[in-house]
Each structure stands twice: as structure tokens, then as C-alpha cells.
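A.B. asks: Provided herewith is a single structure, encoded as C-alpha cells, for subsequent inquiry.
No value in this document is a laboratory result; all are computed from the given coordinates. Note that this is a predicted model, so its numbers are computed, not measured. So basically every Cβ, Gly included, is an ideal-geometry build from the backbone, and we count neighbours across all protein chains shown.
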Amino acid sequence: MKARLLLIPLSPLALVAPAYAVTYLTVEQAQTLMFEGSVLTRDFRVLTPEQIQAIESDSGVKVANPQLNAWRDGAGGWFVLDQVIGKHEFINYAVALDANGAVRQLEILDYHESYGGEVHLPAWRRQFVGKHHGSQLQLNGDIKNISGATLSCGHVTDGVRRLLSTYALVLAAAEH
Amino acid sequence: MLSCSPLPSIERARPLLGTVVAVRVRGAAPRAAHCAIERAFAAISEIHQLMSFQENTSDVSRMNREAAHAPVTVHPHTFRVLAWAARLAQLSEGLFDASIGSKLVEWGVLAAPHADALPDPSVSFRDIELGSARQVFFKRPLWVDLGGIAKGYAVDRAVAALHACGIRSACVNAGGDLRTIGAEAERIALRAAEAPRDVLPTLEIQGRALATSCGASASRFHAGNRVGCHVSGRTRQALDTHTTVSVLAARCVIADALTKVVLADEAAALPLLHRFHAVAHVHHPDRPGHGWRELGARQ
């Protein structure tokens, strides 16, 4: 059985790279997957301070970014892009809401994790903006998996709660 | 050294089991791959719903509320995981023990499942009775937590779902507990809590499972001591927060549970590693060299 541990020396460059970064889907791939056959219309908004306050009070989750990146489909559903920042992780994800505002599907688009505090630095996060499938940073070429202390996803749960409040207070409210 | 996969691969990830679960399928047409990935996520989601400590409607919550009063009938999956937990508890003489829920509540790692007082600290796996017709009975009030084994079982179920869809090459990774299928080897990076950053430890696995546990996971201070989310079933003490254990085994349910046994007692874990043809890689920062030690490989 091949079970020998191989210790690969890391270059000094790798030491400053994120510990773990992986892209699963592009925005376009997620839209096709979640709304196959539908035409999505871009409907981006900037949340007002009053809306932000209402969302925070309703969901109990802080709104870090006033930009709401949403697309609507012809049947009343929504595709919403969002990102969450945890202690060590930075996650972009997409949610498909049905016409009643219920979560129909959730897909993580990409996941970036660092050992240190870089995750909270705008410059660190900026390097992942606009990354496309196949161009993601990797640990080392063909190593696509990591086994270690459990990756965190608690902030995604909070993010979804915030988005459901955003739907109720902003997206759905605008239609009535 | 193995080369990259020549087959197209599709990978998706969702937040499940309190972590990020990724499923990668290789060499299948996109529609078939996405359909199989959906089934794999559904399989994991089912285990999450059955075995969550926190969700009121889970089998685990029902048992913790009712099984000390009357037998509780559970889902076949829950019963199978309880049976694995019982077997591992017996073989490890209690180093692995699913009755540690109350300890994790005491430490603040888990929220109390209901308002009753904390169960008697002397309870153990011996107080859990598995009867016929998937009935579970607790001889004394206790709180079962399947967090040390259910994630591995969920990975095995996802792999079974992929097999059932005709997928021949894939990897399911539930936040570091993973299993691969197919002829292709996967290179996996191991991450230890306090490992030096100048080398990247990697393993090649093919058609096997790998799970990693670290004593420092979710660590906090309780009564002046640093405690993590792992408890020795035997001593009810926190496991060493400096040590990280990765176990390779045929099934992920075994790999997942054995990481806790090795964390608790390396010497006592050795016969179990041999029994399940498993290998452990243990990292401790005080060990010479890069701190890694291999356990359980047959000569």
C-alpha cells in the first residue's frame, strides 16, 4: 500500500501564498447549473443605509458590503452572489431563490483560506477577484485536496440568513 | 510521481456537516457528473439531518431526549453508525466513546440539547443498548454525539451514491475527511496544527479514505485548561491540542473514528490500526525532524 508521507520543500514564494484556495464554479457555470433554460436579468442594487440597518436588525448578521449582486429569472426566482469572510476563510457563493424566496440551491463558487490574518486584508482578497475556473491558485500543481483541521462554513449559514432578510426587505418588497 | 488527470473533472462544494463538502467527478459527461454530484450531496445531507447533535428533529436529538426513558427507533443509517461506534468503543476499550456529548456541552463546544441537567459524568458506551428492529435504549441518561464518526460515514454514503450513478473516478472531501474511487491516485496535502511551514506533507491515495483530526480543533479554555473538540472516551480529558492525526483506511467511517483513538493513545491504537489495515501519520511539534511519525504500517 502506498502510504508513505512525502515532505515537499516549499519555495519562499509559496510561504506567502494562501494555504488553500480552490475554485469550483464560475458565476456563469453556477447560473447555468441553477437556472438551466432560464434567461437571467441582471438587477444589481446598492443597499441604502436604512436597508442595511433593517437587514442587520432582521437577520442579526452584519452587512459588510452594500453592493447586492442579484439576477432575476422570468418566473420570479433570483440568483444572488454573495461572499463571506471568516476568521481564516473567504468564500464566494451563489444562492438560487424560488419565487417564494425559499433557498432552492446553494453552491460554493470558491474557497480561500489562509493560516494567518491575511484574509481580512483587502489586498489579499483582491487577488481572487476575477479569477476564473482553471486559473485558481493551487497548493502545488496536481494536489487538489487537503486533509486537516475542518474547514469552516459557519459564516455561509449566517450569510444565507442575511440574504433571506435582504430578499424579504429589498427584492420582494420592491415588487409589491 | 503521478501526472495530472487526463480526464475532464467537475467539482462542486456545499456547506454541509458544519464544513465545506466538495465532490469531484472525473471522466463522466457533464450532465451525468452533475446528476451524480447532486445524489452525493443528497446522501450527505441525509446523514447531516439524521445525526446532527443540534437539530431538534435528528435521530441523535430524539435519542438524547427520550432513549433513557423508552427505546427509540432510529433510521437504518443511524443504527449502523451506532453499531460502528459500539464496535470501535469495545475494540478500543472506551478510547472511542460516543457518549461524550455532555463533556462537549460542558466545554461549550456543543449547545445543550435540552434543559435537563448534565448527565452523570460516569456514563459510557456501555450504557448504550442496541436492540432488535433498530431500537436504541440508554440505561442511564446520556448525550450521544456522533461527531467523531458520522462525517466519515457520510463520505462513505456519498461514495456509494456516486457508485450507484455509474461514476468510476471521484473524490468526496468533507472538510478534510475524504475518500477516493477509481484507478487514479490522488495527492493529498496534510495539514497539522503546528507543523513547520517550509515543507508540504503529502500522501498519495488510491481508492481509499483519509481522515484528519487535530486536538486543537475548536479549541478554547475551560476551567483554566486548553480543550479542543476531541475527548478521550476513557479519561474524559481533552486530547492533546498540539497533536494532529491523519488515518488512511478502506472506509472513511473507520478512518474518521480511528483518528480519535490514535489521538487518545498511540500505543493502544496500534492493534486497531492493524485490524483495519489502516495507517496513521501523527504530527507533534516536539518530535525531531519535521515532527511526523508513521504508525500501523505492516512491515
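A.B. asks: For chain B, set up a Gaussian network in which alpha carbons nearer than 10 Å are linked by springs, and say which option among B:Gly131, B:Gly176, B:Gly94 fluctuates the most.
C.D. replies: The residue that fluctuates most here is B:Gly131.
A.B. asks: Under the definition of partner shielding as Cβ atoms of other protein chains within 10 Å of a residue Cβ, what is the mean value for peptide B:200-209?
C.D. replies: On the way: counts 11, 6, 12, 7, 5, 5, 2, 0, 3, 0.
Mean shielding count: 5.
A.B. asks: Any idea how far apart B:Ser132 and A:Ala173 come out in nm if each label point goes 7 Å out from Cα toward Cβ?
C.D. replies: A separation of 6.1 nm, rounded to one decimal place.
A.B. asks: Binned at 10 Å from 0, what are the whole-percent values of the Cα-Cα distance distribution for the stretch B:143-187, short to long?
C.D. replies: 28, 48, 20, 5, 0
A.B. asks: Based on the mean of other beta carbon atoms within 10 Å per residue, what is the order of A:22-34, A:49-61, B:95-107, most packed first? Let's see the in-between values first.
C.D. replies: Numbers: A:22-34: 19.2, A:49-61: 15.4, B:95-107: 23.9.
Averaged packing, sorted descending, gives the order B:95-107, A:22-34, A:49-61.
A.B. asks: Given points 7 Å out from each Cα along the Cα-Cβ axis, report the A:Glu36 to B:His277 separation in nanometres with one decimal.
C.D. replies: Going from the A:Glu36 label point to the B:His277 one covers 3.8 nm.
A.B. asks: Next question, about the same structure. For chain B, take the convex hull of the Cα atoms, compute a quarter of its surface area, and give me that in nm², please.
C.D. replies: 16.2 nm²
A.B. asks: Select from B:Thr73, B:Leu118, B:Leu104 the residue farthest towards the positive end of the dipole of the stretch B:59-138; place +1 on Cβ of Lys and Arg, -1 on Cβ of Asp and Glu, and compute about the Cα centre.
C.D. replies: B:Thr73
A.B. asks: Among B:Ser45, B:Ser232, B:Ser132, whose mean-square fluctuation peaks in a Gaussian network model of chain B (Cα, cutoff 10 Å)?
C.D. replies: Taking springs between Cα atoms under 10 Å, the residue moving most is B:Ser132.
A.B. asks: Tell me what chain B gives for mean residue ellipticity at 222 nm when only DSSP H runs of n ≥ 4 count, each as -39,500 (n - 2.57), the sum divided by the residue total, rounded to 500 deg cm²/dmol.
C.D. replies: Working: 7 runs with 90 residues, N = 299.
Per the formula, -9500 deg cm²/dmol.
A.B. asks: With label points built 7 Å along Cα→Cβ from the Cα atoms of A:Arg45 and B:Glu55, find their separation and express it in nm.
C.D. replies: Label at A:Arg45, label at B:Glu55, 3.0 nm between them.
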